[in-house]
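Right, one structure below, let's go through it.
Values in this text are rule-based calculations from the coordinates and carry no lab data. Please read all numbers here as calculations on a predicted model, not as lab measurements. Counting neighbours? That spans all protein chains shown, and the Cβs are built from the backbone with ideal geometry, glycine included.
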Amino acid sequence: MALADSLFSCRVLVVGAGGIGCELLKNLVLTGFKNIEVIDLDTIDVSNLNRQFLFQKKHVGKSKAQVAKESVLRFCPSANITAYHDSIMNPDYNMEFFRNFQLVMNALDNRAARNHVNRMCLAADIPLIESGTAGYLGQVTVIKKGQTECYECQPKPTQKTFPGCTIRNTPSEPIHCIVWAKYLFNQLFGEEDADREVSPDTADPEAAWNPADAAARATASDQDGDIKRVSTKEWARSTGYDPVKLFNKLFKDDIMYLLTMDKLWKKRKAPLPLDWTEIQQIESSQEESCGMGLKDQQVLGVQGYTQLFRRSVETLRSQLIEKGEGAELVWDKDDPSAMDFVSAAANLRMNVFSMNMKSRFDVKSMAGNIIPAIATTNAVIAGLIVLEALKILNSDFDQCRTIFLNKQPNPRKKLLVPCALDRPNSNCYVCASKPEVTVKLNVHKTIVQALQDKILKEKFGMVAPDVQIEDGKGTILISSEEGETEANNNKFLSGFGIRNGSRLQADDFLQDYTLLVNVIHSEELEKDVEFEVVGDAPDKAPAPSAPEEGKNIANGNKDSAQPSTSSKAAAEDDDVLIIDSDEEPSSSTMEASPESSNRKRKHHDADDAASKRKRLDQQPSDDDEDIIALD
Amino acid sequence: LALALSRPRGEDNIISEEEAAQYDRQIRLWGLDAQKRLRGSRVLLVGLRGLGAEVAKNLILAGVKGLTLLDHEQVTEESRRAQFLIPVDADGQNQAQASLERAQLLNPMVEVKVDTDAVESKPDDFFFQFDAVCLTRCSKDLMVRVDQLCASRNIKVFCGDVYGYHGYMFSDLGQEHHYVEEKPKVVKGSNEANDGPEAKKGKVDPNETTMVKKTISFCSLKEALEVDWTNEKAKSSLKRTPADYFLLQVLLKFRTDKGRDPQPDSFAEDSQLFLQIRDDVLETMGLSSELLPNTFVSYCFSEMAPVCAVVGGVLGQELVKALSQRDAPHRNFFFFDGLKGSGVVDYFGSK
């Protein structure tokens, strides 16, 4: 049989050796695939063991790709498997590398990597099978250059971010308090970020009775003089990280300051400050943990979280001292004290703002972007991936489908819903023949670094952009070679003659991707918004084609639509079409990575600077799209 | 009407730190209570070929209390290549026995046992020690017998098989299966502290949910397979009936008559027999052979690994749901067509 022969001889690449990856590797070898390469930058964690069945407890800390390979060889010694403990975004994996394969299958959990592999497969013209799972839901689809939509043809809703004043002044939901607590962690113990302040925002436009007032306040807080600007970390250091002083500043003094901005509380319930001494005097009415539930799932009282706050500050303070001068801690959801701190601080703030407090278990879910995961969903999706792979190898391309896995059958009794693949979007800014976009920004206020990191890398998925100005001279604005254009980084775009109507040519040579960027200058962008992509803005985009059910994956499952609270992680978020289940990587992951970790670390650092975008409406309509579900 | 959820089984109600760490990602999905119920459940799994191995893996990873692997057959090269639990040097050993070590390593917290007897030889009371029974590669008669004696004792019964690109799952959770569903809580406007200071009247609070108790009933396998297609109502529903239901009937008859499933080795002979049985079965039901075109034949040979993964995933999850009494179970068949990529849930039997 011709198919059997091609199974034997073909070479396939599996990107990711986690939940889907383990199941996929198993299915591939049992089906008869012989030559498989698998890549994953991650190491094994105990929380993986409920579903990543190729790993056992003794493997915790080791490379996923490596252990997966070893486990598979045990039941299929004749398989030819190559494992890479590395990031697929490493430039070693160039077009030539991809061209070795007849098929690439993604088993990823983050958008940045998916975008990148999408482009590599387009560049090398290799079919790609894309997939994702979250909880009970899953999806598989096939991407083939020129024949189907690529992964980026349909804009996906971007990570939810919150305006600064909501975080700093007027939180209304627990998530706002959790984001605040993470910012606080970094301001006190980690890398300070000017974009992520925790103190009351005096320049909040909502607070001013008249606009001039707000402007005045904003100026005042920038100047030295009456109001001396001391960084949160400096202040904390000056008090020796005294938990009591910290507590009173954050939950009493700062709150009382907010109360003076009385316009904010006209229509909102005003926050209620806490006082350390008063809390100490309240009888502890906490129940002892009786072991019935998870200790983590208990919701403590104010006294409990106050104790937790004190304990965690003391522990983190010791960690800082141990690390020495100029030390910084990195947020890690699996670091008990870091998690304790965020849990305590977030809950105390929730209490101040009259919200029901949350258990550490729930806070961890939100703070760490944890997406629940089980073995069976991954098993189903990985089975579907291999079935699509067989169609591709058999050249039955017209049989390929997008398939959605639902939690419950739809009105037509379908649990698994196959849909026809869509043709490429002729305006796609990735796979169109000459991709072009228009970006609105302020040329006098946008620096070159922001163009590189927030626009080209984060928004447009480039990994190592080179940018030329189409000014007749071919002026080089950004070079992907380290150090070459570093001097340009902090200069404003206008300084290079960039103005309304300018065109920039951005290239990523690794991805074989050229994007023409038209610049529109605007001085009227909204607060906290650095740039806007014109015409293609996600909130204007049509909802992608979906099964009639639509509610779970296609429109974003609200239950799992946790807005990202990460500061370092890649653009993980809830995808419209493909589910991202990217958790905050624990710092141990990054340490364990090999030589090329510099590259990977660079990537993570770049993601640090999330673009400030206005909060988007996350609810595209259910029913608009024509659904082509096949029987 | 007091709807009784069975009390969580199990010797103790405490969840250890080790369990909490390992099961974290699934506890976050189905909750601690469901996990405890799983942890108190004993399951019998019959048949350790491709589908059986998938179900075993899924149940062991989920964290049931005990799983008994029952299979009387010996490992052959073919059967070894069909699944991932049997080591390469195990030819000639009992299939369940050969799968034991790897199965146990999937999760040391589960008690995995082996039984090498033929399921047909087991007395009735053998089955009563389990909370759920999952039958693969069994004859129709055996499945009907086991279903009958289990369902009355509130033992959940599941059947499943994979034939080439096709696969099915059947469940009988008894006359009264109780379960809970998690629904968003509708919050009434009040002055009390809420999840937000701006509580609106009747707002659905995305942060708070409530558990709703439900009951559902299932019919027996016998009833499900003996649907009368000659009456008008049944005839009119034929258009919406998946052909896979009839395919299953044909394959079960093949298995009964031949004592085995269609084999690639005897493709020509088996194809012919298959078509003949198809004609007989459909005629007996008063239906046309056109319901199952000849093309079906070539796609029913040998278990395909990816199809085992899909069916085993759905079947595994249905077992988890039934044992944990959480979320609406699929009722009462699931059919998977690997060629089309479609998976359908449908009910056959008395309503």
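Across chain B, the volume of the C-alpha convex hull divided among the residues equals 171 Å³ per residue. Neighbours of A:ALA344, meaning other residues whose beta-carbon lies under 11 angstrom from its beta-carbon, give a summed charge of +3 when Lys and Arg score +1 and Asp and Glu score -1.
Taking the fewest neighbouring Cβ atoms within 10 Å as the starting point, the ordered list for A:GLU436, A:GLU388 is A:GLU436, A:GLU388. Taking every C-alpha pair closer than 8 Å and separated by at least 6 residues, the mean separation divided by the residue count of segment A:436-534 gives a relative contact order of 43 percent.
Across segment B:85-92, coupling constants 3J(HN,Hα) worked out from phi with the 6.51/-1.76/1.60 Karplus curve, θ = phi - 60°, read 9, 8, x, 5, 9, 9, 4, x Hz, and Gly and Pro carry x. Gain on full extension, evaluated as 0.36 nm per residue between B:GLU78 and B:ILE216 minus their Cα-Cα distance, stands at 45.6 nm. Remark: spin-label model distance A:LEU3-B:SER121 equals 3.8 nm, labels positioned 7 Å along the Cα→Cβ axis.
Computed from the mean reciprocal separation of all distinct C-alpha pairs, what Kirkwood hydrodynamic radius does segment B:221-298 have, in Å?
When all Cα pairs of segment B:221-298 are included, the Kirkwood radius is 13.2 Å.
Across peptide B:297-305, the average count of Cβ atoms from other chains found within 10 Å of a residue's Cβ is 2. Among the listed pairs A:LYS454/A:LYS491; A:LYS445/A:LYS473; A:LYS233/A:LYS266, which have their C-alpha atoms separated by more than 22 angstrom in this model? Check vs 22 Å cut-off fails for A:LYS445/A:LYS473; A:LYS233/A:LYS266.
Charge tally for A:CYS121 (other residues, Cβ to Cβ under 15 Å; Lys, Arg +1; Asp, Glu -1): -3. Dividing the mean sequence gap of close Cα pairs (under 8 Å, 6+ apart) by how many residues segment B:221-298 holds gives a relative contact order of 33 percent. Helix B:243-258 versus the longest principal axis of chain B: what angle, 0 to 90°, nearest 10, using Cα atoms? Value to nearest ten degrees: 50. Electrostatic bookkeeping for B:LEU251 treats Lys and Arg as +1 and Asp and Glu as -1; over the other residues with beta carbon under 9 Å from its beta carbon, the sum is 0. When you restrict to C-alpha pairs under 8 Å that are six or more residues apart and normalise by the size of chain B, the relative contact order lands at 20 percent. Relative to the longest principal axis of the Cα atoms of chain B, helix B:50-62 runs at roughly 10 degrees.
Multiplying each eigenvalue of the alpha-carbon gyration tensor of segment A:37-191 by 5 and taking the square root yields semi-axes of 34, 24, 15 Å, largest first, rounded to whole angstroms. In this structure, the pairs whose alpha-carbon distance is over 26 Å, taken from B:LYS113/B:LYS183; B:LYS122/B:LYS156; A:LYS414/B:LYS233; B:LYS122/B:LYS222, are B:LYS113/B:LYS183.
Quick check on the exposure proxy: order B:HIS72, B:HIS177 from fewest to most C-beta atoms within 10 angstrom. Mind dumping the intermediate values first?
Details: B:HIS72 16, B:HIS177 21.
With the fewest neighbours first, B:HIS72, B:HIS177 line up as B:HIS72, B:HIS177.
Charge dipole (Cα centre; +1 on Lys/Arg Cβ, -1 on Asp/Glu Cβ; no other charges) of chain B amounts to roughly 1340 debye.
In terms of the Cα gyration tensor, with a ≥ b ≥ c the square roots of its eigenvalues, is segment A:27-78 rounded because a/c is under 1.5, prolate because a/b exceeds b/c, or oblate? Intermediate values should be presented prior to the final figure.
Values: a/c = 2.22, a/b = 1.81, b/c = 1.22.
Because a/c hits 1.5 or more and a/b exceeds b/c, segment A:27-78 counts as prolate.
What pairs from A:LYS62/A:LYS182; A:LYS364/B:LYS57; A:LYS26/A:LYS358 go past 30 Å between their alpha carbons? With Cα atoms farther than 30 Å apart: A:LYS26/A:LYS358.
Based on the Cβ-Cβ distance from A:ALA327 to A:ASN518, what FRET efficiency comes out when R0 is 45 Å, to the nearest 0.05? List each step's numbers first, then the result.
Values: r = 45 Å, r/R0 = 1.00.
It comes out at approximately 0.50.
For segment B:94-138, the normalised intensity computed at q = 0.32, 0.33 Å⁻¹ comes to -1.22, -1.22 (log10 of I(q)/I(0), Debye sum over alpha carbons, equal scatterers, no solvent). Note on A:GLN281 and A:ASN489: their simple-model spin labels are 5.3 nm apart, each label 7 Å out from Cα toward Cβ. Shape class of segment A:436-534 from the Cα gyration tensor (axes a ≥ b ≥ c, square roots of the eigenvalues): rounded, since a/c falls below 1.5. The reciprocal of the average 1/r between distinct C-alpha atoms defines the Kirkwood hydrodynamic radius, which for segment A:73-118 equals 12.5 Å.
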